[in-house]
Structure formats: structure tokens, C-alpha cells
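Below is one structure, written out as C-alpha cells, with a few remarks after it.
The values are calculated or read from the model by the stated rules, or taken from the named source; none is laboratory data. Just so it is clear, the model here is predicted, and its values are computed rather than measured. Using ideal geometry, Cβ is built from the backbone for each residue, glycine included, and neighbour counts are taken over all protein chains shown.
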Amino acid sequence: MTSVDWVTKNPQTLAAFQRAFTKAQRLATSDRKEVEAVLPTYVKIDAATATQTSLGAYPTAVDPCSGWPASCCGTGPSFATWT
């Protein structure tokens, strides 16, 4: 979740984050061994523990209505005027 102000000022950064997140989620769900290999690099666990770790799945689609008033839902960038 982010602020309207940030989204309005950083649409390209948001789009890049969404692409990276989607790519990472697809990799995580399709290649568990790859996740197990890199997990110890980013969190303080050993390789054996990485093989036992439960991985969550997260939605990769963006719901523009999530957290916004119904009157703003589905209006695209114009919802940025909501405060």
C-alpha cells in the first residue's frame, strides 16, 4: 500500500516495482530450489533451514480499490485527488 501522493509522483517507479514483484512471485512459485539457494543470502538462516521454510504466495495483480473510498474506486489516476 502506498500514498496517493507517491503514486501520482512516481508512476514509473510503481510500474517497475510491480513488474519486479510479479517476476519474483512467478519465480518463487515455479522454482523452489532457486528460492532455497538465495534465501540464506537475504535472511539469517542456513541452507538446511531454507529447505524447510514455508513460502507464502502473494497476489501479483494490483487492486486500485483496495484501501480507497468507494467513490474513488475504478477512476484511475484521478483518484489521487482523494485526501
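The condition (being surrounded by 11 or more Cβ atoms within 10 Å (Cβ to Cβ), part of a helix (DSSP H, G or I) and modelled with pLDDT of 85 or more) is satisfied by just one residue among Ala24, Ala20: Ala24. Only residues that are modelled with pLDDT of 90 or more, aliphatic (A, V, I, L, M) and part of a loop (DSSP other than H, G, I, E, B): list them for the stretch 27-71, please. Residues satisfying the conditions are Val43, Ile45.
Of the residues making up the stretch 27-45, those that are surrounded by fewer than 13 Cβ atoms within 10 Å (Cβ to Cβ) and among the basic types (Lys, Arg) are Lys33, Lys44.
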